[in-house]
2 protein chains.
Amino acid sequence: MEKITLGPVPYMSVMPTLLVGANVKGKANYMTAAWATVACMAPPMVCVALNKARYTVKGIEENKTFSLNIPSTGQVVEADHCGLVSGAQEDKSEGFASFYGKLKSAPMAKECPVNIECRLFKSVDCGSHLLYIGEVAEIHADKACVTDGKPDVVKIRPIVYAQTTYFDVGKQVEKAFSVGKKYSKK
Amino acid sequence: MEKITLGPVPYMSVMPTLLVGANVKGKANYMTAAWATVACMAPPMVCVALNKARYTVKGIEENKTFSLNIPSTGQVVEADHCGLVSGAQEDKSEGFASFYGKLKSAPMAKECPVNIECRLFKSVDCGSHLLYIGEVAEIHADKACVTDGKPDVVKIRPIVYAQTTYFDVGKQVEKAFSVGKKYSKK
């Protein structure tokens, strides 16, 4: 297969569509983000990259807390809206029914099936973006989206983000830590 | 919708399945990882969290370079195998046809449709895991998987990782930075 080079660009195959929640000037604000993942097992941590100019950044810096909220494919209009309009222009606090957990200052969107409540661990200045690493204080989930005590991807129907497009999660291909046992050297 | 708490656990809705490439003791090694995302737009950066005990960690620390290789769903057996067996136990250098790019020391798996070549920018000690942030030196891609100069998710068919299961990317739901225009306040 012939390889070509596409230049040094920020690329990842697939990413989660999220709403980053933070209190800015005492009001809940939610912004759409996709540059996020798990950062650590113990203690449990997640990270999310935000452009320094984002309104949400003010709230994270002020409270040292934030949330990552997982919208369902049925909430794609609301989710995308939070990426089109800045909290500096529009009060987005009424867009979702906010609730607060252990940390008291990280607003979470009740309508989203899963909410990750985070205490800021560290922020890394990468250039245009700050990479916020947060320790997970608690996972909140809709009871109907949980199976055997864990969030269930089939029930949640999270939105996969790739190349400025939202996708559904498709069919199960294989089980991890399992199918590789079929491997044999060529 | 009733919310329940699931404890402070490392959770993310969906993640990319990747092979992290690094030269360890002069030999190419590939390990499966999913805790990765984009970390910055300018300069372009990606990040990946690796358990400190991983063999691959030695290679990244030694060379200050690594690669993220995107396998296709058709390569799920090979991809999962690299997560089941450590390079400390098995020489995985022959599992893929390795090639090198600008950085000379970050091996990339030719069989994977997209390869992200990275120069280590910073590592963050989060506890059990190190979060490696790398500046993208170059994106290499199979010519057949590129549309209009960009990697094409439909042609690549990357593996979505969620709750220890590999999934296909599903159907397109909507276009981002667009569908949110339909939003109206309730």
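If only residues of the range A:14-46 that are touching a residue at least 24 places away in the same chain (Cβ under 8 Å) and not in a strand (DSSP E or B) are counted, the one that is surrounded by the fewest Cβ atoms within 10 Å (Cβ to Cβ) is A:LYS25.
Every listed requirement among (1) within 23 Å of A:LYS171 (Cβ to Cβ); (2) touching a residue at least 60 places away in the same chain (Cβ under 8 Å) is met by B:ASP91 save one, (1).
A:ILE116 meets the stated requirement of being within 23 Å of A:THR73 (Cα to Cα) and buried (at least 21 other Cβ atoms within 10 Å of the Cβ). Put simply, of A:ALA49, A:ALA79 the only residue that is among the small types (Gly, Ala, Ser) and outside any strand (DSSP E or B) is A:ALA79. Only one entry of A:PRO10, A:PRO44, A:PRO71 meets the criterion of being facing chain B (nearest Cβ under 10 Å) and touching a helix residue (DSSP H, G or I) at 6+ places or on another chain (Cβ under 7 Å), and that entry is A:PRO71. Here B:ALA88 meets the list (1) over 13 Å from the mean Cα position of the chain (by Cα); (2) within 9 Å of chain A (Cβ to nearest Cβ) almost entirely, failing just condition (2). Summed over the range A:62-76, the residues that are touching a Lys or Arg at 6+ places or on another chain (Cβ under 6 Å) and assigned to a helix (DSSP H, G or I) give a count of 1. When the range A:111-134 is filtered for residues that are under 18 Å from B:SER123 (Cβ atoms) and facing another protein chain (nearest Cβ under 8 Å), the ones remaining, listed by number, are A:PHE121, A:LYS122, A:VAL124, A:CYS126, A:GLY127, A:HIS129, A:LEU131, A:ILE133. Scanning the range A:59-80 for residues that are over 25 Å from B:ALA36 (Cα atoms) and surrounded by 17 or more Cβ atoms within 10 Å (Cβ to Cβ) yields A:ASN63, A:GLU78.
Evaluating A:THR32 against the criteria (1) out of contact with any helix residue (DSSP H, G or I) (no Cβ under 7 Å at 6 or more places or on another chain); (2) more than 7 Å from chain B (Cβ to nearest Cβ); (3) among the β-branched types (Val, Ile, Thr) leaves one unmet condition, (1). Each residue in the range A:47-58 was checked for being surrounded by fewer than 24 Cβ atoms within 10 Å (Cβ to Cβ) and among the β-branched types (Val, Ile, Thr), and 1 of them qualify. Among all positions in the range B:91-107, there is no residue which is surrounded by fewer than 17 Cβ atoms within 10 Å (Cβ to Cβ), closer than 22 Å to A:TYR11 by Cβ and within 7 Å of chain A (Cβ to nearest Cβ). Pairing each residue of the range A:157-172 that is under 22 Å from B:ASP148 (Cα atoms) with any residue that is open to solvent by 10 Å² or more (accessible area, probe 1.4 Å) and acidic (Asp, Glu), provided the two are 6+ apart or on different chains, yields C-beta distances under 9 Å for A:VAL160/A:ASP168; A:GLN163/B:ASP152; A:THR165/B:GLU174; A:TYR166/B:GLU174. If the requirement is being at pLDDT 95 or above and open to solvent by less than 10 Å² (accessible area, probe 1.4 Å), which of these qualifies: B:VAL146, B:VAL160, B:VAL169, B:VAL154? Just one listed residue meets the conditions, B:VAL160.
The values are calculated or read from the model by the stated rules, or taken from the named source; none is laboratory data. This structure is a prediction, so every number in the text was calculated from the model and none was measured. Positions of Cβ are generated from backbone atoms using ideal geometry, with glycine treated the same way; all protein chains shown enter the neighbour counts. These accessible areas exclude ligands, DNA and RNA; they are computed on the full protein's heavy atoms, side chains included. Shrake-Rupley method; radii C 1.70, N 1.55, O 1.52, S 1.80 Å.
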